[in-house]
Amino acid sequence: MAAYTESLIDRLSEELEISRESFVPEALLKDDLGFDSLDMVDVVVLVEEIVGVRLKQSDFIGVRTLGQMLDLIESKRQE
Amino acid sequence: MSAEGWDAKSRGNALGYRVFGFFLHCFGLNFAYANLTYVVLYFVLAAPKQRAAVWDYYRRTWHYGRLKSIWLVYLHFYRFGQCLVDKMAMLHGLTDKFTFVKEDGYDEFLQSLDAGGVLMIGAHIGAWEMGSPFFGDYAGRLHIVMFDVEYQKIKEAMHRGEVQVPYHIIPVNDGELDSIFRISEVLQEKHYVCMQGDRYVNDARREHITFMGREADFPQGPFIVGAKMRVPVYFYFSMREGKQYRFYFYKAQSNERVGSKAHQSDLLRQYAMVLEEMLHRYPQQWFNLYQFWQ
(Lines give C-alpha, C1' and ligand atoms only; values in the text may rest on other atoms or scores of the structure.)
Protein backbone atom coordinates (compact mmCIF):
# COMPACT_ATOMS: atom_id res chain seq x y z
CA MET A 1 0.00 0.00 0.00
CA ALA A 2 1.37 3.42 -0.94
CA ALA A 3 2.53 5.74 1.86
CA TYR A 4 -0.13 8.37 1.17
CA THR A 5 -3.04 5.90 1.22
CA GLU A 6 -3.67 6.00 4.97
CA SER A 7 -3.58 9.77 4.99
CA LEU A 8 -5.95 10.00 2.02
CA ILE A 9 -8.44 7.55 3.51
CA ASP A 10 -8.30 9.30 6.90
CA ARG A 11 -9.14 12.61 5.28
CA LEU A 12 -11.91 11.12 3.12
CA SER A 13 -13.40 9.46 6.17
CA GLU A 14 -13.28 12.75 8.08
CA GLU A 15 -14.58 15.01 5.31
CA LEU A 16 -17.33 12.68 4.11
CA GLU A 17 -18.22 11.51 7.64
CA ILE A 18 -17.99 7.85 6.69
CA SER A 19 -16.65 5.36 9.23
CA ARG A 20 -12.95 4.60 8.73
CA GLU A 21 -13.68 0.85 8.86
CA SER A 22 -15.85 1.09 5.74
CA PHE A 23 -12.83 1.99 3.62
CA VAL A 24 -11.83 -1.49 2.53
CA PRO A 25 -10.44 -2.18 -0.96
CA GLU A 26 -13.51 -4.12 -2.10
CA ALA A 27 -15.97 -1.42 -0.94
CA LEU A 28 -18.12 -0.18 -3.80
CA LEU A 29 -17.78 3.59 -4.06
CA LYS A 30 -21.46 4.20 -4.72
CA ASP A 31 -23.28 1.36 -3.01
CA ASP A 32 -21.07 0.69 0.04
CA LEU A 33 -19.47 4.07 0.72
CA GLY A 34 -22.44 6.08 -0.58
CA PHE A 35 -20.33 8.36 -2.78
CA ASP A 36 -22.37 10.71 -4.92
CA SER A 37 -21.29 13.27 -7.49
CA LEU A 38 -20.67 15.96 -4.87
CA ASP A 39 -18.48 13.60 -2.83
CA MET A 40 -16.25 13.37 -5.88
CA VAL A 41 -15.35 17.02 -5.29
CA ASP A 42 -13.68 15.87 -2.05
CA VAL A 43 -11.97 12.99 -3.82
CA VAL A 44 -10.56 15.20 -6.56
CA VAL A 45 -9.46 17.97 -4.19
CA LEU A 46 -7.92 15.65 -1.57
CA VAL A 47 -6.12 13.50 -4.13
CA GLU A 48 -4.57 16.62 -5.62
CA GLU A 49 -3.68 18.00 -2.19
CA ILE A 50 -2.25 14.80 -0.70
CA VAL A 51 -0.90 12.92 -3.70
CA GLY A 52 -0.33 15.78 -6.13
CA VAL A 53 -2.31 14.04 -8.87
CA ARG A 54 -5.12 15.70 -10.80
CA LEU A 55 -7.94 13.28 -11.65
CA LYS A 56 -10.25 13.67 -14.59
CA GLN A 57 -13.63 12.18 -15.21
CA SER A 58 -12.30 9.95 -17.99
CA ASP A 59 -9.88 8.38 -15.47
CA PHE A 60 -12.83 6.95 -13.56
CA ILE A 61 -14.24 4.86 -16.39
CA GLY A 62 -14.59 1.32 -15.04
CA VAL A 63 -13.67 2.32 -11.49
CA ARG A 64 -16.25 0.92 -9.08
CA THR A 65 -14.40 0.00 -5.88
CA LEU A 66 -12.10 1.81 -3.49
CA GLY A 67 -9.27 -0.56 -4.42
CA GLN A 68 -9.68 0.30 -8.10
CA MET A 69 -9.68 3.99 -7.26
CA LEU A 70 -6.47 3.65 -5.24
CA ASP A 71 -4.86 1.70 -8.11
CA LEU A 72 -5.91 4.48 -10.46
CA ILE A 73 -4.35 7.14 -8.21
CA GLU A 74 -1.12 5.18 -7.94
CA SER A 75 -0.89 4.66 -11.70
CA LYS A 76 -1.50 8.38 -12.29
CA ARG A 77 1.14 9.22 -9.69
CA GLN A 78 3.72 7.09 -11.46
CA GLU A 79 3.01 8.64 -14.89
CA MET B 1 -36.59 14.58 -6.76
CA SER B 2 -36.42 18.33 -6.94
CA ALA B 3 -37.87 21.20 -4.99
CA GLU B 4 -41.59 20.66 -4.61
CA GLY B 5 -43.59 21.95 -7.57
CA TRP B 6 -40.54 22.71 -9.66
CA ASP B 7 -39.55 20.35 -12.47
CA ALA B 8 -36.36 22.00 -13.82
CA LYS B 9 -38.26 22.91 -16.98
CA SER B 10 -39.33 26.35 -18.13
CA ARG B 11 -42.31 27.30 -20.23
CA GLY B 12 -41.66 28.19 -23.85
CA ASN B 13 -40.47 26.32 -26.91
CA ALA B 14 -38.25 26.81 -29.94
CA LEU B 15 -41.02 28.34 -32.06
CA GLY B 16 -41.87 30.72 -29.24
CA TYR B 17 -38.27 31.89 -28.95
CA ARG B 18 -38.11 32.39 -32.74
CA VAL B 19 -41.32 34.38 -32.96
CA PHE B 20 -40.32 36.47 -29.98
CA GLY B 21 -36.91 37.21 -31.50
CA PHE B 22 -38.57 38.32 -34.73
CA PHE B 23 -40.88 40.74 -32.91
CA LEU B 24 -38.03 42.13 -30.84
CA HIS B 25 -35.98 42.94 -33.91
CA CYS B 26 -38.91 44.41 -35.85
CA PHE B 27 -40.78 46.38 -33.19
CA GLY B 28 -38.34 46.88 -30.32
CA LEU B 29 -38.42 46.48 -26.57
CA ASN B 30 -41.22 48.91 -25.71
CA PHE B 31 -43.58 47.08 -28.03
CA ALA B 32 -42.68 43.80 -26.31
CA TYR B 33 -43.25 45.31 -22.86
CA ALA B 34 -46.62 46.72 -23.98
CA ASN B 35 -47.73 43.29 -25.20
CA LEU B 36 -46.84 41.83 -21.84
CA THR B 37 -49.80 43.57 -20.22
CA TYR B 38 -52.27 41.05 -21.66
CA VAL B 39 -49.87 38.12 -22.09
CA VAL B 40 -49.17 38.35 -18.37
CA LEU B 41 -52.87 38.42 -17.58
CA TYR B 42 -53.22 35.14 -19.47
CA PHE B 43 -50.37 33.56 -17.51
CA VAL B 44 -51.72 34.80 -14.18
CA LEU B 45 -54.97 33.00 -15.00
CA ALA B 46 -53.49 29.94 -16.71
CA ALA B 47 -50.65 29.17 -14.31
CA PRO B 48 -52.39 28.38 -10.98
CA LYS B 49 -49.35 26.82 -9.27
CA GLN B 50 -47.11 29.76 -10.06
CA ARG B 51 -49.89 32.19 -9.12
CA ALA B 52 -50.37 30.43 -5.80
CA ALA B 53 -46.64 30.57 -5.11
CA VAL B 54 -46.48 34.32 -5.77
CA TRP B 55 -49.64 34.86 -3.72
CA ASP B 56 -48.06 32.94 -0.85
CA TYR B 57 -44.90 35.04 -1.25
CA TYR B 58 -46.78 38.31 -0.77
CA ARG B 59 -49.27 37.10 1.80
CA ARG B 60 -47.05 35.01 4.08
CA THR B 61 -43.55 36.33 3.46
CA TRP B 62 -44.37 40.02 3.16
CA HIS B 63 -47.65 39.86 5.11
CA TYR B 64 -49.49 42.10 2.66
CA GLY B 65 -53.27 42.35 2.58
CA ARG B 66 -55.45 40.65 -0.03
CA LEU B 67 -56.09 43.64 -2.29
CA LYS B 68 -52.47 44.71 -2.37
CA SER B 69 -51.39 41.11 -2.98
CA ILE B 70 -53.76 40.74 -5.95
CA TRP B 71 -52.17 43.75 -7.61
CA LEU B 72 -48.66 42.60 -6.67
CA VAL B 73 -49.24 39.12 -8.13
CA TYR B 74 -50.03 40.71 -11.50
CA LEU B 75 -47.10 43.11 -11.19
CA HIS B 76 -44.81 40.26 -10.19
CA PHE B 77 -45.65 38.29 -13.35
CA TYR B 78 -45.22 41.47 -15.36
CA ARG B 79 -41.73 42.06 -13.92
CA PHE B 80 -40.90 38.43 -14.65
CA GLY B 81 -42.05 38.96 -18.24
CA GLN B 82 -39.94 42.10 -18.56
CA CYS B 83 -36.84 40.26 -17.38
CA LEU B 84 -37.56 37.45 -19.88
CA VAL B 85 -37.93 40.01 -22.66
CA ASP B 86 -34.64 41.61 -21.64
CA LYS B 87 -32.88 38.25 -21.60
CA MET B 88 -34.24 37.41 -25.05
CA ALA B 89 -33.17 40.84 -26.30
CA MET B 90 -29.68 40.25 -24.95
CA LEU B 91 -29.47 36.80 -26.54
CA HIS B 92 -30.54 38.39 -29.84
CA GLY B 93 -27.68 40.88 -29.61
CA LEU B 94 -29.68 43.96 -28.54
CA THR B 95 -27.28 44.79 -25.71
CA ASP B 96 -27.10 48.50 -26.64
CA LYS B 97 -30.69 48.89 -25.45
CA PHE B 98 -29.59 48.62 -21.83
CA THR B 99 -27.28 50.42 -19.46
CA PHE B 100 -25.29 48.68 -16.75
CA VAL B 101 -24.26 49.91 -13.33
CA LYS B 102 -21.60 48.31 -11.15
CA GLU B 103 -22.05 48.35 -7.41
CA ASP B 104 -19.27 48.37 -4.80
CA GLY B 105 -17.17 45.25 -4.81
CA TYR B 106 -16.61 45.25 -8.55
CA ASP B 107 -12.92 46.22 -8.38
CA GLU B 108 -12.18 43.45 -5.92
CA PHE B 109 -14.18 41.08 -8.07
CA LEU B 110 -12.09 42.01 -11.14
CA GLN B 111 -8.90 41.42 -9.18
CA SER B 112 -10.15 37.94 -8.32
CA LEU B 113 -11.03 37.29 -11.96
CA ASP B 114 -7.52 38.37 -13.00
CA ALA B 115 -6.05 35.98 -10.44
CA GLY B 116 -8.25 33.25 -11.94
CA GLY B 117 -10.56 30.53 -10.64
CA VAL B 118 -13.67 32.18 -9.22
CA LEU B 119 -17.01 30.66 -8.21
CA MET B 120 -20.02 32.95 -8.59
CA ILE B 121 -23.23 31.92 -6.88
CA GLY B 122 -26.35 33.67 -8.14
CA ALA B 123 -30.07 33.17 -7.69
CA HIS B 124 -33.32 33.17 -9.61
CA ILE B 125 -33.80 36.85 -8.99
CA GLY B 126 -33.42 39.65 -11.53
CA ALA B 127 -31.71 38.41 -14.67
CA TRP B 128 -28.17 37.16 -14.20
CA GLU B 129 -27.78 36.58 -17.96
CA MET B 130 -27.79 40.33 -18.47
CA GLY B 131 -24.28 40.37 -17.05
CA SER B 132 -22.70 38.33 -19.83
CA PRO B 133 -22.04 41.25 -22.25
CA PHE B 134 -20.95 43.33 -19.30
CA PHE B 135 -18.22 40.79 -18.51
CA GLY B 136 -16.56 41.68 -21.83
CA ASP B 137 -13.33 39.78 -22.40
CA TYR B 138 -13.89 37.80 -19.23
CA ALA B 139 -17.01 36.16 -20.72
CA GLY B 140 -14.81 33.79 -22.74
CA ARG B 141 -13.67 32.23 -19.45
CA LEU B 142 -17.14 32.22 -17.90
CA HIS B 143 -18.93 28.86 -17.51
CA ILE B 144 -22.59 28.90 -16.57
CA VAL B 145 -23.95 25.81 -14.83
CA MET B 146 -27.51 25.10 -15.95
CA PHE B 147 -29.93 22.20 -16.05
CA ASP B 148 -29.65 20.07 -19.15
CA VAL B 149 -33.22 20.77 -20.32
CA GLU B 150 -32.44 24.49 -20.44
CA TYR B 151 -29.12 23.89 -22.13
CA GLN B 152 -30.75 21.82 -24.88
CA LYS B 153 -33.09 24.71 -25.72
CA ILE B 154 -30.27 27.23 -25.92
CA LYS B 155 -28.14 24.79 -27.94
CA GLU B 156 -30.92 24.35 -30.50
CA ALA B 157 -31.37 28.12 -30.79
CA MET B 158 -27.62 28.56 -31.18
CA HIS B 159 -27.51 25.96 -33.94
CA ARG B 160 -30.25 27.82 -35.78
CA GLY B 161 -28.19 31.00 -35.41
CA GLU B 162 -30.97 32.75 -33.50
CA VAL B 163 -29.06 33.57 -30.36
CA GLN B 164 -25.51 34.44 -29.41
CA VAL B 165 -24.19 33.08 -26.14
CA PRO B 166 -20.86 34.66 -25.17
CA TYR B 167 -20.23 32.26 -22.29
CA HIS B 168 -19.70 28.52 -21.97
CA ILE B 169 -22.35 26.22 -20.52
CA ILE B 170 -21.88 23.27 -18.19
CA PRO B 171 -25.08 21.19 -18.36
CA VAL B 172 -26.03 19.24 -15.25
CA ASN B 173 -28.20 16.22 -14.69
CA ASP B 174 -28.97 14.97 -11.21
CA GLY B 175 -26.34 12.53 -10.00
CA GLU B 176 -24.10 12.64 -13.05
CA LEU B 177 -20.39 13.01 -12.52
CA ASP B 178 -19.63 14.89 -15.75
CA SER B 179 -20.64 18.30 -14.49
CA ILE B 180 -18.80 18.03 -11.17
CA PHE B 181 -15.58 17.09 -12.92
CA ARG B 182 -16.08 19.81 -15.51
CA ILE B 183 -16.63 22.44 -12.79
CA SER B 184 -13.53 21.23 -10.98
CA GLU B 185 -11.47 21.26 -14.17
CA VAL B 186 -12.44 24.75 -15.32
CA LEU B 187 -11.81 26.21 -11.85
CA GLN B 188 -8.37 24.58 -11.84
CA GLU B 189 -7.77 26.11 -15.27
CA LYS B 190 -8.41 29.52 -13.64
CA HIS B 191 -11.76 30.01 -15.33
CA TYR B 192 -14.97 31.22 -13.66
CA VAL B 193 -18.03 29.17 -12.82
CA CYS B 194 -21.44 30.68 -12.21
CA MET B 195 -24.19 28.59 -10.62
CA GLN B 196 -27.48 29.26 -8.88
CA GLY B 197 -27.69 28.68 -5.16
CA ASP B 198 -31.42 28.69 -4.55
CA ARG B 199 -32.81 25.53 -6.17
CA TYR B 200 -32.04 21.90 -5.45
CA VAL B 201 -32.62 18.82 -7.57
CA ASN B 202 -31.35 16.24 -5.13
CA ASP B 203 -33.44 15.69 -1.99
CA ALA B 204 -30.50 14.24 -0.13
CA ARG B 205 -28.36 17.28 -0.80
CA ARG B 206 -30.27 20.18 0.68
CA GLU B 207 -29.97 22.28 3.79
CA HIS B 208 -32.83 23.58 5.85
CA ILE B 209 -32.56 27.20 7.01
CA THR B 210 -34.72 30.16 7.95
CA PHE B 211 -35.01 32.52 5.02
CA MET B 212 -37.10 35.70 5.01
CA GLY B 213 -38.50 34.54 8.35
CA ARG B 214 -39.75 31.21 7.02
CA GLU B 215 -38.36 27.69 6.72
CA ALA B 216 -36.85 26.81 3.35
CA ASP B 217 -34.48 24.30 1.77
CA PHE B 218 -31.44 25.31 -0.23
CA PRO B 219 -29.13 23.13 -2.33
CA GLN B 220 -25.83 22.08 -0.78
CA GLY B 221 -24.05 21.65 -4.12
CA PRO B 222 -22.92 25.24 -4.84
CA PHE B 223 -21.75 25.71 -1.25
CA ILE B 224 -19.90 22.38 -1.17
CA VAL B 225 -18.10 23.38 -4.37
CA GLY B 226 -17.44 26.82 -2.87
CA ALA B 227 -16.01 25.38 0.33
CA LYS B 228 -13.96 22.60 -1.22
CA MET B 229 -12.51 24.10 -4.36
CA ARG B 230 -10.39 26.71 -2.61
CA VAL B 231 -11.29 29.52 -4.97
CA PRO B 232 -12.82 32.91 -4.11
CA VAL B 233 -16.60 32.74 -3.84
CA TYR B 234 -18.74 35.68 -4.91
CA PHE B 235 -22.48 36.13 -4.65
CA TYR B 236 -23.52 37.78 -7.86
CA PHE B 237 -26.85 39.39 -8.72
CA SER B 238 -28.03 41.38 -11.70
CA MET B 239 -31.11 43.41 -10.83
CA ARG B 240 -33.45 45.28 -13.11
CA GLU B 241 -34.07 49.00 -12.67
CA GLY B 242 -36.05 49.96 -15.76
CA LYS B 243 -33.78 49.49 -18.75
CA GLN B 244 -30.79 49.61 -16.49
CA TYR B 245 -29.27 46.61 -14.75
CA ARG B 246 -27.35 46.98 -11.52
CA PHE B 247 -24.73 44.34 -10.74
CA TYR B 248 -23.91 43.35 -7.19
CA PHE B 249 -20.81 41.41 -6.13
CA TYR B 250 -20.38 40.21 -2.56
CA LYS B 251 -17.25 38.30 -1.63
CA ALA B 252 -17.88 35.48 0.82
CA GLN B 253 -15.59 35.44 3.85
CA SER B 254 -15.41 32.60 6.33
CA ASN B 255 -13.35 31.88 9.42
CA GLU B 256 -14.34 28.21 9.38
CA ARG B 257 -11.85 25.51 8.40
CA VAL B 258 -11.60 25.48 4.61
CA GLY B 259 -13.58 22.62 3.12
CA SER B 260 -15.37 21.70 6.33
CA LYS B 261 -19.11 21.21 6.75
CA ALA B 262 -19.11 24.34 8.92
CA HIS B 263 -17.52 26.23 6.02
CA GLN B 264 -20.28 25.06 3.65
CA SER B 265 -22.98 26.09 6.10
CA ASP B 266 -21.31 29.44 6.68
CA LEU B 267 -21.28 30.12 2.93
CA LEU B 268 -24.97 29.28 2.72
CA ARG B 269 -25.74 31.47 5.73
CA GLN B 270 -23.95 34.43 4.11
CA TYR B 271 -25.64 33.76 0.79
CA ALA B 272 -29.09 33.71 2.38
CA MET B 273 -28.34 36.94 4.19
CA VAL B 274 -27.29 38.71 0.97
CA LEU B 275 -30.25 37.23 -0.90
CA GLU B 276 -32.61 38.58 1.76
CA GLU B 277 -31.03 42.00 1.32
CA MET B 278 -31.65 41.78 -2.43
CA LEU B 279 -35.29 40.81 -1.89
CA HIS B 280 -35.81 43.74 0.42
CA ARG B 281 -34.51 46.04 -2.34
CA TYR B 282 -36.22 44.26 -5.23
CA PRO B 283 -39.17 42.27 -3.85
CA GLN B 284 -40.80 41.89 -7.28
CA GLN B 285 -37.77 40.18 -8.79
CA TRP B 286 -38.05 36.92 -6.88
CA PHE B 287 -38.51 34.41 -9.69
CA ASN B 288 -38.74 31.09 -7.92
CA LEU B 289 -42.32 30.67 -9.06
CA TYR B 290 -43.05 27.52 -7.08
CA GLN B 291 -43.77 26.77 -3.43
CA PHE B 292 -40.32 27.73 -2.18
CA TRP B 293 -41.03 27.82 1.53
CA GLN B 294 -42.13 24.86 3.65
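The values are calculated or read from the model by the stated rules, or taken from the named source; none is laboratory data. Just so you know, these numbers come straight off a predicted model, no measurement behind them. Using ideal geometry, Cβ is built from the backbone for each residue, glycine included, and neighbour counts are taken over all protein chains shown. Note: areas computed on protein heavy atoms with side chains; ligands, DNA, RNA excluded. Shrake-Rupley method; radii C 1.70, N 1.55, O 1.52, S 1.80 Å.
In whole Å, what is the distance between the alpha-carbon centres of the stretch B:103-120 and the stretch B:190-232?
20
Below 8 Å, C-alpha to C-alpha, sequence gap of six or more: please give me the relative contact order for chain B in percent.
25
Give me the dipole magnitude in Debye, nearest 20, for the protein assembly as shown about the Cα centre, with unit charges on the beta carbon: positive for Lys and Arg, negative for Asp and Glu.
Taking the Cα centre of the protein assembly as shown as origin, the dipole is about 1980 debye.
What does the charge count around A:Gln57 come to, taking other residues whose C-beta lies under 9 Å from its C-beta (Lys +1, Arg +1, Asp -1, Glu -1)?
Once all neighbours under 9 Å are counted, the net charge is -1.
Let's see if you can work this out: charge +1 on each Lys and Arg Cβ, -1 on each Asp and Glu Cβ, no other charges. What is the dipole magnitude of the stretch A:5-78 about its Cα centre, in debye to the nearest 20?
400
Computing the accessible area with a 1.4 Å probe over protein heavy atoms, can you report the carbon and sulfur percentage for chain B?
Reported share for carbon and sulfur atoms: 54 percent.
Which whole number gives the average count of other chain Cβ atoms within 10 Å of the Cβ atoms across peptide B:227-233?
Mean shielding by partner chains, rounded to a whole number: 2.
Work from the charge dipole of the protein assembly as shown (Cβ charges, +1 for Lys and Arg, -1 for Asp and Glu, about the Cα centre) and give the residue of B:Gly197, A:Ile18, A:Leu28 farthest towards its positive end.
The listed residue farthest towards the positive side: B:Gly197.
Return the tail of the calculated pair distribution for chain B, meaning the percent of Cα-Cα pairs more than 37 Å apart.
In whole percent, the share of Cα-Cα pairs in chain B beyond 37 Å is 10.
For the stretch A:10-52, list residues with backbone N below 19 Å from a point placed 7 Å from the Cα of B:Arg230 toward its Cβ?
A:10-16, A:39-52
Bin width 5 Å, origin at 0, all Cα-Cα pairs of the stretch A:5-78: what percent of pairs per bin?
Here the calculated profile for the stretch A:5-78 is 3, 16, 32, 31, 16, 2.
Just going by the charge dipole of chain B, with Lys and Arg at +1 and Asp and Glu at -1 on Cβ, which of B:Tyr38, B:Leu84, B:His25 is farthest out on the positive end?
Result: B:Tyr38.
For the stretch A:45-79 and the stretch B:244-294, compute the distance between their C-alpha centroids and round to whole Å.
A separation of 34 Å, based on Cα centres.
How crowded by other chains is A:31-44, given as the mean number of beta carbons from other chains within 10 Å of each beta carbon?
Taking the mean over all residues of the peptide, I get 5.
Compute, for chain B, the length of the dipole vector about the Cα centre, with Cβ point charges of +1 (Lys, Arg) and -1 (Asp, Glu) only. Units Debye, rounded to 20.
My answer is approximately 780 debye.
Can you pull out the buried accessible area for chains A and B, both sides counted, probe 1.4 Å, rounded to the nearest 100 Å²?
Adding both sides of the contact gives about 1800 Å².
Relative contact order of the stretch A:5-78, please, whole-number percent, based on alpha carbon pairs below 8 angstrom and at least 6 residues apart.
That works out to 34 percent.
All other residues with a Cβ under 12 Å from the Cβ of B:Tyr33 taken together, and with Lys, Arg as +1 and Asp, Glu as -1, what is their net charge?
Net charge around B:Tyr33: +3.
Using helices alone, I'd like the mean residue ellipticity at 222 nm for the protein assembly as shown: each DSSP H run of four-plus residues gives -39500 (n - 2.57), total over residue count, nearest 500.
Estimated from H runs of four or more residues: -15000 deg cm²/dmol.
Answer with one residue from B:Thr61, B:His124, B:Val101: the one whose Cα lies farthest towards the positive end of the charge dipole of the stretch B:18-155, charges on Cβ with Lys, Arg +1 and Asp, Glu -1.
It is B:Thr61.
Run down the lysines and flag those whose C-alpha is under 16 Å from the C-alpha of B:Lys153, throwing out any fewer than 8 positions away in its chain.
Within reach: B:Lys9, B:Lys87.
Can you tell me the length gained on complete extension of the stretch B:His63 to B:Glu241, counting 0.36 nm per residue apart and subtracting the Cα distance?
Working it through step by step, the gained length comes to 61.7 nm.
Convex hull over the Cα atoms of the stretch B:78-215, averaged projected area in nm²?
Mean projected area for the stretch B:78-215: 10.3 nm², to one decimal.
I'm a student and want to see the number: the projected area of the Cα convex hull of the protein assembly as shown, averaged over all directions, in nm².
19.6
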